[in-house]
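Below you'll find the structure, written out as structure tokens, and then a few comments.
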Amino acid sequence: MSKLSLARALGWSAAATLIKIAVDLLLIKWLAVAFGPDGVGRAGNFMALVAVLSALSGAGIHNGVTKYVAEFQHDPVRLRRLLGTAAALVLGCSSLLALLFILAAAPLSELLFGSKDFQGVLRAIALIQLGMACAQFFLAILKGRSDAKGTALSMISGSLLGLGAYWIAFRCGGYQGALIGLALVPALLVLPAGIMLCKSGIVPRNGLQLTWDGGLARNLLKFTAMMILTAISLPIAYTAIRELLAVHYGWDEVGIWQGMNRVSEAYLQLITAPFTVYLLPALSRQKAKQDFAHEIGRAQRFLFPLAVAVSLSLWLLRDSVIGLFFSVEFRSMRDLFAWQLSGDAFKISAYVFAYLVTARASLSLGVLTQISQFGLLLLFSHGLIPAGGALGAVQAYAATYVIYCALCASAFFFYCKKD
């Protein structure tokens with residue numbers, strides 16, 4: 001794949017991500033207008049649950065499916081065994097999760113909403129998460145063949161279908177219907193993703209027939225462990241940062257820092273969008289170290305300058321960004337941009353190196369990369385936040401990813417030079 005292919009993958013992925021962000025913002029707007037701050041607040045834990053289910057549904061093996069589809073694309077027999085084993089894992093884990101939600105609806109309702117009145121919503125989620133799991137499975141197959149266009153069109157169509165489903169659920173079911181509608185948005189991706197998969201001809205005949213290969217299952221479950229670690233480690237670190245800021249400076253300072261994080265999250269989604277549809281399958285197809293080095297170098301030459309350019313643009317427009325998305329109460333956020341955006345650029349570069357760990361399915365290195373991020377962020381935060389508040393928090397973030405990037409780069413060069 002050429003540099004142009006990476007640019008095309010970025011274009012399709014960015015378009016799909018922009019549509020998804022716009023739909024998510026519109027859903028929150030509808031929820032806020034219809035039910036006010038209380039309704040949005042009570043939905044917070046539920047939205048977090050939906051986000052986790054979307055990432056971990058079907059055992060969280062999506063990156064593994066993408067890797068091995070790319071690796072086995074010219075071997076129909078192994079590809080059929082892979083897809084059959086992956087389908088069995090997705091169906092088995094989703095069925096167990098559905099049973100858990102049905103049986104534990106009452107305590108889960110009490111935990112999430114402080115009331116047992118939402119058991120029906122959670123029983124609906126038991127079925128809806130099956131759609132989430134299949135949607136992520138189908139998208140992972142498309143990504144394994146680097147089908148950026150098919151992946152993007154699936155995500156765009158699914159987002160628009162979800163928007164319509166949300167509106168119908170909201171009109172028919174009120175607040176509880178709106179909550180169910182929030183879960184339908186990622187689940188309805190299964191329809192366009194399934195259609196795109198059928199049209200693509202990627203899956204061999206009877207390719208999704210349930211089979212079992214113990215070796216492939218063990219390899220896929222490594223990605224489950226890495227996904228779970230990713231899903232819990234950094235959120236725990238961010239919770240600790242919020243508590244530090246609140247203790248030393250109050251919740252207003254937490255809000256300033258949280259606002260800066262939201263800006264980063266929004267534009268980083270656009271830059272990192274092609275990672276799973278381009279970088280992961282491209283690395284998975286390579287065998288020789290010089291080919292890994294070539295692919296990583298190509299991605300770095302494209303993505304790191306792009307991250308720097310976008311960061312610099314946002315820094316120049318920081319007053320406009322604050323005025324557009326926040327209010328005058330967030331004016332002090334302008335002092336945070338330089339540190340946060342610098343950290344973002346190095347984070348992108350580090351993640352390009354770190355994707356080799358995913359492509360090689362190395363569980364031990366995957367654990368090490370997550371622990372190093374977690375440890376560095378907590379270490380710098382405890383040292384800088386008491387003296388600097390939100391500014392100390394973004395300085396800790398920048399220091400973390402400068403050092404993390406240096407560690408990833410050093411490990412990569414050592415790997416390439418080692419016989």
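The values are calculated or read from the model by the stated rules, or taken from the named source; none is laboratory data. What you are looking at is a predicted structure, and each value in this text was computed from that prediction instead of being measured. Positions of Cβ are generated from backbone atoms using ideal geometry, with glycine treated the same way; all protein chains shown enter the neighbour counts. Ligands, DNA and RNA are stripped out before the accessible areas are found, and what is left, the full protein with its side chains, is counted by its heavy atoms. Shrake-Rupley method; radii C 1.70, N 1.55, O 1.52, S 1.80 Å.
Scoring 136-148, 318-330 by mean Cβ neighbours within 10 Å over their residues and listing the highest first yields 136-148, 318-330. Heavy-atom accessible surface of the stretch 250-398, averaged per residue, reaches 43 Å², computed with a 1.4 Å probe. Each distinct pair of alpha carbons in the stretch 224-349 adds a 1/r term; the inverse of their mean, the Kirkwood radius, is 16.7 Å.
For the stretch 305-400, the relative contact order is 30 percent, taking Cα pairs closer than 8 Å that sit 6 or more residues apart in sequence and dividing their mean separation by the residue count. When the Cα positions of Gly92, Ala124, Phe72 are compared along the charge dipole of the stretch 65-144, Phe72 comes out farthest toward the positive end, with charges on each C-beta of Lys, Arg, Asp and Glu. Evaluated at q = 0.11, 0.12, 0.17, 0.20 Å⁻¹, the base-10 log of the normalised Debye intensity for the stretch 281-402, with identical point scatterers placed on the Cα atoms, takes the values -0.50, -0.58, -0.95, -1.11.
In the chain, taking the dipole from charged Cβ atoms about the Cα centre, the farthest positive-side position among Met226, Val203, His62 is held by Val203. Packing-based ranking of 62-70, 250-258 yields 62-70, 250-258, ordered from highest to lowest mean Cβ neighbour count within 10 Å. Here the chain was treated as a single set of alpha-carbon atoms; its pair distances binned every 10 Å from 0 give 4, 20, 30, 29, 14, 2, 0 percent.
May I ask for log10 I(q)/I(0) of the stretch 1-120 at q = 0.17, 0.22 Å⁻¹, from a Debye sum over the Cα atoms as equal point scatterers with solvent left out? Evaluating at q = 0.17, 0.22 Å⁻¹ gives log10 I(q)/I(0) of -1.06, -1.22. Across the chain, the relative contact order, built from alpha-carbon pairs under 8 Å that are at least six residues apart, equals 20 percent.
In terms of overall dimensions, the C-alpha atoms belonging to the stretch 133-190 reach 41, 18, 9 Å along their principal axes, ordered largest to smallest.
Taking a ≥ b ≥ c as the square roots of the eigenvalues of the Cα gyration tensor, an a/c ratio of 1.5 or more together with a/b larger than b/c marks the stretch 94-144 as prolate. Our summary gives the stretch 242-386 a relative contact order of 34 percent, counting only alpha carbon pairs under 8 angstrom and 6 or more residues apart. Ordering of 24-36, 265-277 by packing is 265-277, 24-36, highest average first (other Cβ atoms within 10 Å, averaged per residue). Helix content alone sets the calculated 222 nm mean residue ellipticity of the chain: runs of n ≥ 4 DSSP H residues at -39500 (n - 2.57) each, divided across all residues, give -30000 deg cm²/dmol. This model, with +1 at the C-beta of Lys and Arg and -1 at the C-beta of Asp and Glu, gives the stretch 92-237 a dipole about its Cα centre of some 360 debye. Projected onto planes of every orientation and averaged, the convex hull of the alpha-carbon atoms in the stretch 288-338 covers 4.4 nm². Membrane-span-like helices in the chain (whole DSSP H runs, Cα extent of at least 24 Å along the helix axis, mean Kyte-Doolittle hydropathy of at least 0.5): 3-56, 76-103, 119-144, 148-187, 214-249, 337-359, 363-388, 390-417. About the centre of its Cα atoms, the chain shows a dipole size close to 1400 debye [charges on the beta carbon of Lys, Arg (+1) and Asp, Glu (-1) only; nearest 20 debye]. Only protein heavy atoms count here; under a 1.4 Å probe, Leu208 has an accessible surface of about 70 Å². Once a ≥ b ≥ c are taken as the square roots of the eigenvalues of the Cα gyration tensor of the stretch 149-255, is the result rounded (a/c under 1.5), prolate (a/b larger than b/c) or oblate (a/b not larger than b/c)? Taking the square roots of the gyration eigenvalues as a ≥ b ≥ c, the stretch 149-255 is oblate. Note on the chain: lysine pairs with Cα distance below 22 Å, sequence gap of 8 or more or different chains, count 24.
Across all directions, the average projected area of the convex hull around the alpha carbons of the stretch 71-222 is 9.9 nm².
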